[in-house]
Amino acid sequence: MTSSTPAPGTGARVRRERTRATGLRRGDAAAGWLFTAPVIVILGVFLAVPVLMALWVSFSDWGGRGSPFSGDVDFVGFDNYTAILAGGGLAERDFGIALRNNAWYVLLVVPLQTALSLFLAVLVNRAILRGRGFFRTAFYFPSVTSSVAITVLWLFLFSATGVVNKVLAAVGIAGPNWFNDPTGVVHNLLGVIGITSGPTALTDADLLGVSLWDWLAGPSVAMSAFVLMAVFTTSGTFMLLFLAALQNLGGDVTEAAMMDGANGWQRFWRVTLPRLKPTLFTVLTLGLIGCWQVFDQIYTGTQGGPSKTTLTPAYLSYTAAFNSQDWGQGAAIAFILFLIIVAFTLIQRWILRDRPVSKRRAAAYLPKATKTTDGMTR
C-alpha cells in the first residue's frame, strides 16, 4: 500500500520552491508596503478623499458653506446631472455651448499639435542639421513659459491693432477683431459662397439646448486664436517625446528598407511611424486630456466671451461653483467631463490597438508553392 503521508520536510521544500518561483523572500512584501505607504497615504488624503467628497457634492444641494457632510445638506440624487443634460433651462444650454466650443477645440488642436510635434522631432533628429541643440531649445521654450504670460502676449498680438492684423494688412487682408468676434469660422466660410442660414432639419433640431446648425458653426474667431496658441505652446513638449522615441529606434530596419528601394516617405510611413505607435498613443492621450481641461487661458483671456463662444466645461464648472455658488452643478460638470475624457481615451486606445496581420497581407510575405516535375507541391 502507498502511504498518503508526505515525507518529512516536504512542506518546507514546497514553500521554498514557491518563494523562488515568486521571487520574493520572507518579509519582502511587507517591506514593499512599508516603503510605498507614505505615497499611498498622501494620494489617499490629497486625491482619493477629495474626489469622493466632490462626487458626494455632485449628488447633494451643498451651497459651499460649512461641511458638505452636515445635516443641513440633502441628497438630491441625479438632479444636478439632469439639470445639465436634460433640464431644458440655462444650465443645459450653457453646458451645450461649452461642450460644442471644447469639441471644436479638441478636433483642431490635437491633430495639429501632434502633426507639428512629429514634424519638428523628425527635423531636429536629422544628423545633417546644424545647431540642433539651439532649435530643440527654441521649439521647447514656449512649453516652459507660463500659460498666463503666453495668454497676455496673445491678447496683445491678436488685438484689433495688434501685430497679427498689421502683418495681414501688409498683404492686403483685413484682419478680424479676434477676441471680440463670436462668429463661427465654418459659418463665415459658408457665408462667402452665399449660405447664411442652415436647412430646417438642422435649425429646428437641437442637442443640449443648442441647434445642430450652431453645433456645425465651427470654432468662433476668438476660439481660433486660442487654438493657435495651444498648438504653439504644446508642440515643443510632445516634440521631445517623439524625439526620444526616434533616437531609441534601431537603424537596421530602416537600412533594410533602403536596400529594398524604399524612398524617404515610404520609410517614414511604413517603417518609422508604425514603431512610434506607443509614443503616438501617449501624445494623443496627453493632448486629448489637456484640451478637454483647458481653463487658465480662458480665465485669463476672455472668461468665456464673446457671447460665450470661448466657454469651456472646465471654466463653466468653475463659474457654476465659485460665482453662482451652485456647487452641486459645478461638481456634476466636472464628473461629466471626466467621463468624456475616459471615453475618448478608451476609443483612442481601441483605434490604435495592435491588430493581427490578415491572411491576405501575410500571404504576400510567405514563399509561394511551386510544383516539381513529379507533380509534388513544394
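Computed from the coordinates by the stated procedures, all read-outs in this text should not be read as laboratory data. Please read these numbers as outputs of a predicted model, since none were measured by experiment. Ideal geometry is used to build each Cβ from the backbone, glycine not excepted, and the neighbour counts take in all protein chains shown.
Within the set of other residues whose C-beta is less than 13 Å from the C-beta of TYR315, count the net charge using Lys and Arg as +1 and Asp and Glu as -1.
Details: positive: LYS308; negative: ASP94, ASP296.
After counting each charged neighbour, the total is -1.
Rounded to the nearest 500, what is the 222 nm mean residue ellipticity of the chain from helices alone, with -39500 (n - 2.57) per DSSP H run of 4+ residues and division by all residues? Walk me through the intermediate numbers first.
On the way: 19 runs with 228 residues, N = 378.
So the calculated ellipticity at 222 nm is -18500 deg cm²/dmol.
Using Cβ contacts closer than 10 Å as the measure, can you line up SER224, SER211 from fewest to most?
Details: SER224 21, SER211 16.
The fewest-first ordering by Cβ neighbours comes to SER211, SER224.
Helices from the chain with mean Kyte-Doolittle at least 1.0 and a Cα length along the axis of 27 Å or more, per DSSP H: which?
Numbers: long enough: 90-124 (49 Å, 1.20); 221-247 (39 Å, 1.85); 327-351 (36 Å, 1.74).
Span-like helices in the chain: 90-124, 221-247, 327-351.
What does the charge count near ALA174 come to, summing +1 for each Lys or Arg and -1 for each Asp or Glu among other residues with Cβ under 14 Å from its Cβ? Could the numbers behind the result be given before it?
Details: positive: LYS166; negative: ASP181.
Residues close to ALA174 contribute a combined charge of 0.
With every atom except the alpha carbons ignored, what do you get for Rg and Dmax of segment 188-271, in angstroms?
My reading of the Cα-based Rg and Dmax gives 22.7, 60 Å.
Starting from 0.36 nm per residue, how many nanometres of slack lie between GLU255 and GLN348 once their C-alpha separation is accounted for? Numbers along the way, then the final one.
Values: separation 93, 0.36 × 93 = 33.48 nm, distance 3.13 nm.
Between GLU255 and GLN348, full extension yields an extra 30.3 nm.
What is the distance in Å between the Cα centres of segment 310-339 and segment 122-143?
Segment 310-339 and segment 122-143 have Cα centres spaced 40 Å from each other.
About the Cα centre of the chain, what is the dipole size in debye to 20, counting +1 per Lys and Arg Cβ and -1 per Asp and Glu Cβ, all else neutral?
Working: 29 positive and 19 negative charges, 537 e Å.
It comes to approximately 2580 debye.
Among SER324, SER58, what is the fewest-to-most ranking by other Cβ atoms within 10 Å? Numbers along the way, then the final one.
Details: SER324 12, SER58 22.
Ordered from fewest to most neighbouring Cβ atoms within 10 Å, SER324, SER58 come out as SER324, SER58.
Once the convex hull of the C-alpha atoms of segment 106-242 is built, how many Å³ does it hold per residue, rounded to a whole number?
On the way: hull volume 22.3 nm³, N = 137.
Hull volume normalised by residue count: 163 Å³.
Tell me which residues come under 5 Å, amide H to amide H, from ASP206 once H is placed; ignore anything under 5 positions away on its chain.
The list, which skips near neighbours in sequence, is LEU212.
Could you give the Stokes-Einstein D for segment 42-81 in µm² per second, using the C-alpha Kirkwood radius, 4 °C, 1.567 mPa s?
Working: Rh = 10.8 Å.
D = 120 µm²/s.
Taking the Cβ-Cβ separation of LEU286 and SER197 as r and a Förster radius of 25 Å, what is the calculated FRET efficiency to the nearest 0.05?
Details: r = 39 Å, r/R0 = 1.58.
The pair LEU286/SER197 has a calculated efficiency of 0.05.
Using only the C-alpha atoms of the chain, find the volume of their convex hull and express it per residue in Å³. Working shown, then result.
Working: hull volume 141.1 nm³, N = 378.
Measuring per residue, one finds 373 Å³ for the Cα hull of the chain.
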